[in-house]
Structures are given as structure tokens and as C-alpha cells.
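J.: Got a structure for you, questions after.
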Amino acid sequence: MLLFATGVYAKGLEEDKIDIVEKSNQKVIVEKSDGERIIINVDRPDFKDRLSDNLIKDIAEQVDISDNVTIHDIIEPSFCITIPNDVGFLNSKKNRFSFSLNAAQPESLLYRYEVTKKYTDRSPLAAQLIISVAYGKTATLKSSITVTNSATISGATKLPDEGLAELNASLNASVTYTYEKGRTFLGPSKGYTSRQYYSTRFHDRGNYIVRKINRITGNVSETYTGTYGEPSLQDPIVNWSRDIK
């Protein structure tokens, strides 16, 4: 069973327009429509070419104007553990946690299911708080913390199990990143009271159509529609921090 990890901190996504004023190996400066600027520091120089404008703007939406922000890691799929989507995917309105594909399925001899996905946008999910460290302190994780970026679907309450399995198989696999036990985190520099470490997950979102097709005639007997979200193949997880005054 796949469960969606709930974020604990989020800024509204319908905020002022954000423009990138400066972009270097050490920092990015963004400006909101009211003229206020946010400085986003970059932990490593090689991040510059991996920091898309959309990623920068998305992170800027999740912080306050007075924060000192630092991007620590851009986790790409090749550096994560991936988990194939379970055929018993959690449906938002009807709990069908599992079923056996080996069970007798008379309809499977007559029908097949075809999935069409249409991408609409890439969107950040609510940032997930990992740990908060006070000024002058160092904190060590007493247990591992895993961040999971899983696919989600809606509108599939009437979709038969085989169609649901086809839909799940069409979505990008879940991606996880683990902060291992014993990892240390530093507090903020002078002038700030605490540093909060976060992970933001990114979804590619869109609409889907699942067609139930007669294997003999090729005719479509039913169609099912809804929306989906799946881990972005560009930047599925970004680890960052905000220093708070």
C-alpha cells in the first residue's frame, strides 16, 4: 500500500509573481511584484545548472521574506530509491487496498484497458519539516527520517481493478530519500534564532482517461476520467533550510 506523506509547512501557491534578478554559483536573488527580494543560497557551485527557474520560484513561494534560505540537495531519481506503484493503490473515495491479479477475472478475457495521460503542470507539494535547530546548537537525528514522493489519483472510484492496475502502472514510481540516523544538522548563523530543514517534493500533474476496450471488436465500452499527480522526473525532491529571526 502506498501512502501519501503529508507536509507540515506550506505557503500559498497563488502568491505574487516572482522574477529572478540574479543567479550565480553561490546564490539566487528573486524579487516579488511588490519589490521585496529573497536571497536563496546554494550549497554547491554545481547546483547552478540544475536550478531551473521554476524550481527556484517554487521554493521562494514556500518561505517568508525575512528568511535566510539555503538549498542543500537536489535529489534526482537516479540518487533515490524507487518503488513501483502497487496495483492496490489507495483510492481517495473507495478503499481498495489490495487484490490478487491471479484471481479469476472473467472480464479480462473479453476486455482490456488503455490509459491516456495529459500533462498540465509541474507543482510543488507542501514542504515537509525534517528538524529544527536553535542558534548555536547542533542536532543529531536519533532515528532515520524518510521522505516519500508518491503518485496520487482521483476520480477512479468506479474504475474496475484491472483498469486501476493499468493506471497505476502508467504513473512514475514512488521516490524516497532517507535522512539516516546519526546525521547532524547545524543551527543558523548569528542574527537568527533557529534553522528549519525541509524537503519539498514535486509532482507532474495532469488528467487521465482510461478506456475499457472489447478485445474482439475493438470498441470502447466505457471511459473513466480523473486527475493524477506523479513524482517529477526533473526534481522529485529538494532539501533546503530557512533561518528564522
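The values are calculated or read from the model by the stated rules, or taken from the named source; none is laboratory data. Since this is a predicted model, take the numbers as computed values, not measurements. Ideal geometry is used to build each Cβ from the backbone, glycine not excepted, and the neighbour counts take in all protein chains shown. With ligands, DNA and RNA removed, areas are computed over all heavy atoms of the protein, side chains included. Shrake-Rupley method; radii C 1.70, N 1.55, O 1.52, S 1.80 Å.
J.: Among 39, 59, 20, which is open to solvent by less than 70 Å² (accessible area, probe 1.4 Å), within 25 Å of residue 130 (Cα to Cα) and either at pLDDT 80 or above or assigned to a loop (DSSP other than H, G, I, E, B) (or both)?
T.: 59
J.: Quick check, is residue 231 crowded, with 20+ Cβ neighbours inside 10 Å, in contact with a Phe, Trp or Tyr (Cβ under 9 Å, 6 or more places away or on another chain) and either among the basic types (Lys, Arg) or under 19 Å from residue 38 (Cβ atoms) (or both)?
T.: It is false that residue 231 is crowded, with 20+ Cβ neighbours inside 10 Å, in contact with a Phe, Trp or Tyr (Cβ under 9 Å, 6 or more places away or on another chain) and either among the basic types (Lys, Arg) or under 19 Å from residue 38 (Cβ atoms) (or both).
J.: As an exercise: evaluate residue 76 against (1) at pLDDT 85 or above; (2) surrounded by fewer than 19 Cβ atoms within 10 Å (Cβ to Cβ) and give the number of the one condition it does not meet.
T.: So the condition that residue 76 fails would be (1).
J.: Mind checking which pairs have a first residue in the stretch 128-147 that is over 12 Å from residue 196 (Cβ atoms) and a second that is assigned to a loop (DSSP other than H, G, I, E, B) and among the basic types (Lys, Arg), Cβ under 6 Å, 6 or more apart or different chains?
T.: Once the first residue is over 12 Å from residue 196 (Cβ atoms) and sits in the stretch 128-147, its partners that are assigned to a loop (DSSP other than H, G, I, E, B) and among the basic types (Lys, Arg) give 141/181; 141/183; 143/181; 144/181.
J.: Still on this structure: Out of all the residues in the stretch 115-161, which are within 23 Å of residue 235 (Cβ to Cβ), open to solvent by less than 20 Å² (accessible area, probe 1.4 Å) and assigned to a loop (DSSP other than H, G, I, E, B)?
T.: The answer is 150, 151.
J.: How many residues does the stretch 169-223 contain that are among the charged types (D, E, K, R) and open to solvent by less than 60 Å² (accessible area, probe 1.4 Å)?
T.: 4
J.: Given the criterion touching a Ser or Thr at 6+ places or on another chain (Cβ under 8 Å) and touching a residue at least 24 places away in the same chain (Cβ under 8 Å), identify the matching residue among 224, 228.
T.: 228 is the lone residue from the list that is touching a Ser or Thr at 6+ places or on another chain (Cβ under 8 Å) and touching a residue at least 24 places away in the same chain (Cβ under 8 Å).
J.: Does the stretch 42-56 hold any residues that are open to solvent by less than 10 Å² (accessible area, probe 1.4 Å) and in a loop (DSSP other than H, G, I, E, B), and which are they?
T.: 51, the sole residue that qualifies.
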